[in-house]
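Q: I'd like to ask some things about the structure below.
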Amino acid sequence: MMPKGETEVDVDVTSLGEDVRLLEGIRTTRAIRRLRPDPVPLALLKKVCEAGSFAPSGGNRQPWKFVAVLDAERRAWVAERYRKTFHAYIAPAVEAAKAPDFPEAGRRNQRAALHLADHLHQAPVHLFVAGWTRRGEPQLQALMPAVQNVLLACRAVGLGASLTTLHRSFGAECDRFLGLPDGCPSCALLPIGWPLGRYGRPPRRPIDECFYVDRYTG
């Protein structure tokens, strides 16, 4: 993790993250929604996006575009719309969470998601992943693996990140704001920054509960 107050010149971008073992990185890449406002070096953003560009794509078309919104006023524009949409979206779940038997893990997830929505303008990077359509349809089969690669790379270099697609509720307006051309819609928003907290293994069901041989037998 980057120490508080450290600046871009103090980060060895070339070596950062290169020693993280693959499977350990996969197992410990959880959503980090509490972020410090400290800036992230541009070279480090390019490094994690480069990892995204190594995702597979049909015909090796590589349809992805990465748009990193760093300007505070532009981030505030995104955050204002995101916050309004998110609070309307999560309101039923917040009400349901008032029940005494509601799982505490669910309440924690809600609190983290609400924190992100209410502090999105403070996240130093809003990374949008967009891509050219094919036959009029987004190439999500390529873009989502690219998103996952970026998240794994953020884990490796010590950045906090999470995946959200809620901005699609104002997607056309947002894509125009980002300057994206027709036929190249954004599919994901990744708030990125130095984490408040740490990576760790998220809870998962045992693999034997979701693994089958030859046919599903559930």
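The values are calculated or read from the model by the stated rules, or taken from the named source; none is laboratory data. Remember, predicted model here, so these are calculated numbers, not experimental data. Glycine gets a Cβ as well: all are built from the backbone with ideal geometry, and neighbour counts include every protein chain shown. These area figures cover heavy atoms from the full protein model, side chains too; ligands, DNA and RNA do not enter into them. Shrake-Rupley method; radii C 1.70, N 1.55, O 1.52, S 1.80 Å.
Q: Could you tell me whether the stretch 101-109 includes any residue that is open to solvent by 80 Å² or more (accessible area, probe 1.4 Å) and touching a residue at least 60 places away in the same chain (Cβ under 8 Å)?
A: no
Q: When you scan the stretch 111-147, how many residues do you find that are within 16 Å of Leu35 (Cβ to Cβ) and either surrounded by fewer than 19 Cβ atoms within 10 Å (Cβ to Cβ) or free of Cβ contacts under 8 Å to residues at least 60 places away in the same chain (or both)?
A: Step one: filter the stretch 111-147 for residues within 16 Å of Leu35 (Cβ to Cβ), giving 111-127.
Of the ones still in play, those that are also either surrounded by fewer than 19 Cβ atoms within 10 Å (Cβ to Cβ) or free of Cβ contacts under 8 Å to residues at least 60 places away in the same chain (or both) are 111-112, 114-115, 117-119, 121-122.
Within the stretch 111-147, residues that are within 16 Å of Leu35 (Cβ to Cβ) and either surrounded by fewer than 19 Cβ atoms within 10 Å (Cβ to Cβ) or free of Cβ contacts under 8 Å to residues at least 60 places away in the same chain (or both) number 9.
Q: How many of the residues making up the stretch 89-113 are touching a helix residue (DSSP H, G or I) at 6+ places or on another chain (Cβ under 8 Å) and under 24 Å from Leu70 (Cβ atoms)?
A: Residues in the stretch 89-113 being touching a helix residue (DSSP H, G or I) at 6+ places or on another chain (Cβ under 8 Å) and under 24 Å from Leu70 (Cβ atoms): 1 in total.
Q: Which residue pairs have Cβ atoms under 6 Å apart, sit 6 or more places apart or on different chains, and have a first residue in the stretch 86-99 that is within 12 Å of Ala113 (Cβ to Cβ) and a second that is open to solvent by 40 Å² or more (accessible area, probe 1.4 Å) and at pLDDT 90 or above?
A: Here the result reads Ala97/Arg107, each pair linking the stretch 86-99 to a residue that is open to solvent by 40 Å² or more (accessible area, probe 1.4 Å) and at pLDDT 90 or above.
Q: Could you tell me whether the stretch 178-193 includes any residue that is open to solvent by less than 30 Å² (accessible area, probe 1.4 Å), out of contact with any Leu (no Cβ under 6 Å at 6 or more places or on another chain) and farther than 27 Å from Glu50 by Cβ?
A: No, that holds for no residue.
Q: For the stretch 16-43, how many residues meet the condition of being under 17 Å from the mean Cα position of the chain (by Cα), closer than 11 Å to Ala156 by Cα and open to solvent by less than 80 Å² (accessible area, probe 1.4 Å)?
A: 3
Q: Determine which member of the set Ala55, Ala51, Ala79 is open to solvent by less than 40 Å² (accessible area, probe 1.4 Å), farther than 23 Å from Arg176 by Cβ and within 15 Å of the chain's Cα centre (by Cα).
A: On the way: Ala55 fails: within 15 Å of the chain's Cα centre (by Cα); Ala79 fails: farther than 23 Å from Arg176 by Cβ.
Sole residue among the options that is open to solvent by less than 40 Å² (accessible area, probe 1.4 Å), farther than 23 Å from Arg176 by Cβ and within 15 Å of the chain's Cα centre (by Cα): Ala51.
Q: Name every residue in the stretch 136-171 that is hydroxyl-bearing (Ser, Thr, Tyr) and touching a helix residue (DSSP H, G or I) at 6+ places or on another chain (Cβ under 6 Å), in order of residue number. If you could, list the steps in order and put the result at the bottom.
A: Going residue by residue through the stretch 136-171, those that are hydroxyl-bearing (Ser, Thr, Tyr) are 162, 164-165, 169.
Hit for the stretch 136-171 is Ser169, nothing else.
Q: Go through (1) touching a Lys or Arg at 6+ places or on another chain (Cβ under 8 Å); (2) within 30 Å of Gly183 (Cα to Cα) for Tyr89 and report which single condition fails.
A: Every listed condition holds for Tyr89 apart from (1).
Q: What pairs come up if the first residue lies in the stretch 196-207 and is modelled with pLDDT of 90 or more, the second is among the polar types (S, T, N, Q) and part of a loop (DSSP other than H, G, I, E, B), and their beta carbons are under 8 Å apart, counting only those six or more places apart or on different chains?
A: Going by the 8 Å Cβ cut-off, the qualifying pairs are Tyr199/Thr28; Tyr199/Thr29; Gly200/Thr28; Arg201/Thr28.
Q: For the stretch 148-170, enumerate the residues that are open to solvent by 50 Å² or more (accessible area, probe 1.4 Å) and among the β-branched types (Val, Ile, Thr).
A: Taking the stretch 148-170 first, the residues open to solvent by 50 Å² or more (accessible area, probe 1.4 Å) are 148, 163, 165, 168-169.
Result: Thr165, single match.
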